[in-house]
Amino acid sequence: ILEVCRREGGRALYFRYRTQVYTLQHDHLAYISSSLHSVTFHLTDGKKISCRARLGDFSGQLSDSSFLDVIRAFVSMEKVTSLKKNSFVVGQTEIPISRTYLKTARKKYKDYLAEQKVCS
């Protein structure tokens with residue numbers, strides 16, 4: 001699956017749940033949330049895909065990407081519409097940032113925005 005995604009030029013998150021294999025392109029993911037033993041993938045078209053897993057199971061696939069770890073969620077910096085004092089806003093959803101991750105998340109987001117201005 002990874003090889004196919006690389007050939008197509010897009011980064012993707014993949015996982016197997018029950019009998020189905022999922023491939024979710026990074027640009028189709030707004031954010032990923034976690035609650036107890038469930039992970040929910042929130043897609044940009046408003047759909048949600050849930051599976052029984054831990055958020056940490058996906059951290060390796062999201063490293064070196066535009067996703068930030070904010071404790072019980074991974075947020076795509078590309079999809080953040082605003083930054084509040086202690087949270088990111090993605091569309092109509094406010095995603096809190098843990099105090100532990102706050103300083104790092106804010107810095108990474110500001111660096112990302114600066115990089116985008118340079119590349120434009």
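Scanning the range 72-120 for residues that are over 15 Å from the mean Cα position of the chain (by Cα) and closer than 17 Å to Ala30 by Cβ turns up Ser82, Leu83, Lys84, Gln92. Going residue by residue through the range 82-97, is there one that turns out to be surrounded by 13 or more Cβ atoms within 10 Å (Cβ to Cβ), in a helix (DSSP H, G or I) and not aromatic (Phe, Trp, Tyr)? Among the residues of the range 82-97, not one is surrounded by 13 or more Cβ atoms within 10 Å (Cβ to Cβ), in a helix (DSSP H, G or I) and not aromatic (Phe, Trp, Tyr), which makes the answer no. Quick check on the range 80-98. Is at least one of its residues free of Cβ contacts under 8 Å to residues at least 40 places away in the same chain and closer than 24 Å to Tyr17 by Cα? Taking every residue of the range 80-98 in turn, none turns out to be free of Cβ contacts under 8 Å to residues at least 40 places away in the same chain and closer than 24 Å to Tyr17 by Cα. Only residues that are buried (at least 16 other Cβ atoms within 10 Å of the Cβ), within 10 Å of the chain's Cα centre (by Cα) and in a loop (DSSP other than H, G, I, E, B) were counted across the range 48-71, and they come to 2.
Every number here is computed from the coordinates shown, using simple stated rules; none is lab data. What you see is a predicted model; the values in this text were computed from it and never measured. Ideal geometry is used to build each Cβ from the backbone, glycine not excepted, and the neighbour counts take in all protein chains shown.
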